[in-house]
Amino acid sequence: MAEAKLNREYAVRVAGVGLLFLGICIWSLYDGRTAWPRQNQIMEQVRPALLATNLTAEAWLALEEGERETRLDAAFRAHGVKTPAKLVRKLGELRIPDATPDRDAARAAQIEQVRKTLEQPVYSARDLRTQDVQAVVTLVLALCAFAAVGSKAGKRFVADDTGLHGNGVGAQPIGYDDIQSADWTRWEEKGIVRLTLKDDRRLRLDGWHFAGMTGIVEEVLQHRPDLRGK
């Protein structure tokens, strides 16, 4: 007699993927509902001091002489908060390239861009919505992964002298004489055999999802050697 049940390696891998997606979901919700709105509140708190100046992006991000922090960091530290990392990246993207021919004009345009950047929240409403969408998508993917494992967790295949039975086979046992043909095209690569029964039903014997399936297949071939290679 041979028996096949859920493959633990498969279950651990797929459940691990589900946990990863669940973690991304939770992180997305935290960012979109807590962390990023908090960054916007910090920006609102410091914005008046930032807009009281007309500095370039380079001036905001340069280390002051004898200091270990930038002017931007100092402005936020004066309010007892940390500089939002995304604001630093935004200002960094506004730096004037060294090869710019008319640096005075570029500097004037950049100062205006810097001001517009400082007038805006660090994270836009679209950014926050994106995190909600990402949370929903990853939650669905996590549930799909868990469902894939759960749907197979209780299945059992048994092959003995009477035929194939167990809830993985279906409500009715399958006698070896009921098997019409076997498809071996995916056996070597995937460990999958598809049996076609005389009543046109089909049964998939999957050695990746269910451990012990090789024994089931060997038992089938012992009773039906004519199926080998068909």
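The values are calculated or read from the model by the stated rules, or taken from the named source; none is laboratory data. This is a predicted model, so every value here is computed, not measured. When we count neighbours, we look across all protein chains shown, and the Cβ atoms used for this are built from the backbone with ideal geometry, even at glycine. All accessible areas refer to the heavy atoms of the entire protein, side chains included, with ligands and DNA or RNA removed. Shrake-Rupley method; radii C 1.70, N 1.55, O 1.52, S 1.80 Å.
May I ask you to verify whether Glu44 is part of a helix (DSSP H, G or I), out of contact with any Ser or Thr (no Cβ under 6 Å at 6 or more places or on another chain), loosely packed, with under 13 Cβ neighbours inside 10 Å and charged (D, E, K, R)?
Working: part of a helix (DSSP H, G or I): yes; out of contact with any Ser or Thr (no Cβ under 6 Å at 6 or more places or on another chain): yes; loosely packed, with under 13 Cβ neighbours inside 10 Å: yes; charged (D, E, K, R): yes.
Against the criterion (part of a helix (DSSP H, G or I), out of contact with any Ser or Thr (no Cβ under 6 Å at 6 or more places or on another chain), loosely packed, with under 13 Cβ neighbours inside 10 Å and charged (D, E, K, R)), Glu44 qualifies.
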statement: Exception for Asp177 within (1) within 13 Å of Val220 (Cα to Cα); (2) in a helix (DSSP H, G or I); (3) open to solvent by less than 50 Å² (accessible area, probe 1.4 Å); (4) not hydrophobic (A, V, I, L, M, F, W, C) falls at (3)
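Are any residues in region 1-46 closer than 30 Å to Val217 by Cα and of a type in the set (Val, Ile, Thr), and if so, which ones?
Selection gives Val12, Val14, Val17.
Considering each of Gly170, Gly150 in turn, give the residue that is out of contact with any strand residue (DSSP E or B) (no Cβ under 6 Å at 6 or more places or on another chain), in a helix (DSSP H, G or I) and without any contact (Cβ under 8 Å) to a residue 40 or more places away in the chain.
Values: Gly170 fails: in a helix (DSSP H, G or I).
After ruling out the rest, the residue left standing is Gly150.
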- request: Would you check which residues across region 52-102 are in a loop (DSSP other than H, G, I, E, B) and closer than 23 Å to Ala35 by Cβ and list them?
  value: Glu69, Ala78, His79, Gly80, Val81, Lys82, Thr83, Pro84, Glu93
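Is it the case that Ala145 is touching a Cys at 6+ places or on another chain (Cβ under 7 Å), assigned to a helix (DSSP H, G or I) and open to solvent by less than 50 Å² (accessible area, probe 1.4 Å)? Outline the logic, then answer.
Working: touching a Cys at 6+ places or on another chain (Cβ under 7 Å): no; assigned to a helix (DSSP H, G or I): yes; open to solvent by less than 50 Å² (accessible area, probe 1.4 Å): yes.
When the stated conditions are applied, Ala145 does not pass them.
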Tally of residues being part of a loop (DSSP other than H, G, I, E, B) and either closer than 30 Å to Phe21 by Cβ or open to solvent by 60 Å² or more (accessible area, probe 1.4 Å) (or both) across region 153-167: 6
field: Condition broken by Arg224, with the remaining ones in (1) farther than 27 Å from Glu9 by Cβ; (2) in contact with a Gly (Cβ under 6 Å, 6 or more places away or on another chain) satisfied
entry: (2)
- line: Restricting attention to region 209-230, the residues that are closer than 11 Å to Gly191 by Cβ and either without any contact (Cβ under 8 Å) to a residue 40 or more places away in the chain or exposed (fewer than 14 other Cβ atoms within 10 Å of the Cβ) (or both) number exactly 2
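Can you name the residue in region 115-134 that is among the hydroxyl-bearing types (Ser, Thr, Tyr) and in a helix (DSSP H, G or I) and is also nearest to the chain's Cα centre (by Cα) among such residues?
Applying the first criterion (among the hydroxyl-bearing types (Ser, Thr, Tyr)) to region 115-134 yields 117, 123-124, 130.
Add one more test, that the residue is in a helix (DSSP H, G or I), and what stays is 117, 130.
Numbers: Thr117: 31, Thr130: 15 Å.
The selected residue is Thr130.
How about region 10-34: which of its residues are surrounded by 15 or more Cβ atoms within 10 Å (Cβ to Cβ) and either without any contact (Cβ under 8 Å) to a residue 60 or more places away in the chain or under 28 Å from Tyr123 (Cα atoms) (or both)?
Looking only at region 10-34, we keep the residues that are surrounded by 15 or more Cβ atoms within 10 Å (Cβ to Cβ), and these are 10-11, 14-15, 17-18, 21-22, 24-25, 27-29, 31-32.
Scanning region 10-34 gives Phe21, Leu22, Ile24, Cys25, Trp27, Ser28, Leu29, Asp31, Gly32.
Of the residues in region 93-110, how many are open to solvent by less than 30 Å² (accessible area, probe 1.4 Å) and under 22 Å from Glu44 (Cβ atoms)? Steps first, answer last, please.
Taking region 93-110 first, the residues open to solvent by less than 30 Å² (accessible area, probe 1.4 Å) are 96, 106, 110.
Next, from what is left, pick out any that are under 22 Å from Glu44 (Cβ atoms): none.
Total satisfying the criteria: 0.
Hey, can you tell me all the residues within region 188-200 that are within 40 Å of the chain's Cα centre (by Cα) and either in contact (Cβ under 8 Å) with a residue 12 or more places away in the chain or within 16 Å of Arg156 (Cβ to Cβ) (or both)? It would help to see each step written out before you state the result.
Initial filter on region 188-200 (within 40 Å of the chain's Cα centre (by Cα)): 188-197, 200.
Those that are within 40 Å of the chain's Cα centre (by Cα) and either in contact (Cβ under 8 Å) with a residue 12 or more places away in the chain or within 16 Å of Arg156 (Cβ to Cβ) (or both): Lys190, Gly191, Ile192, Val193, Arg194, Leu195, Thr196, Leu197.
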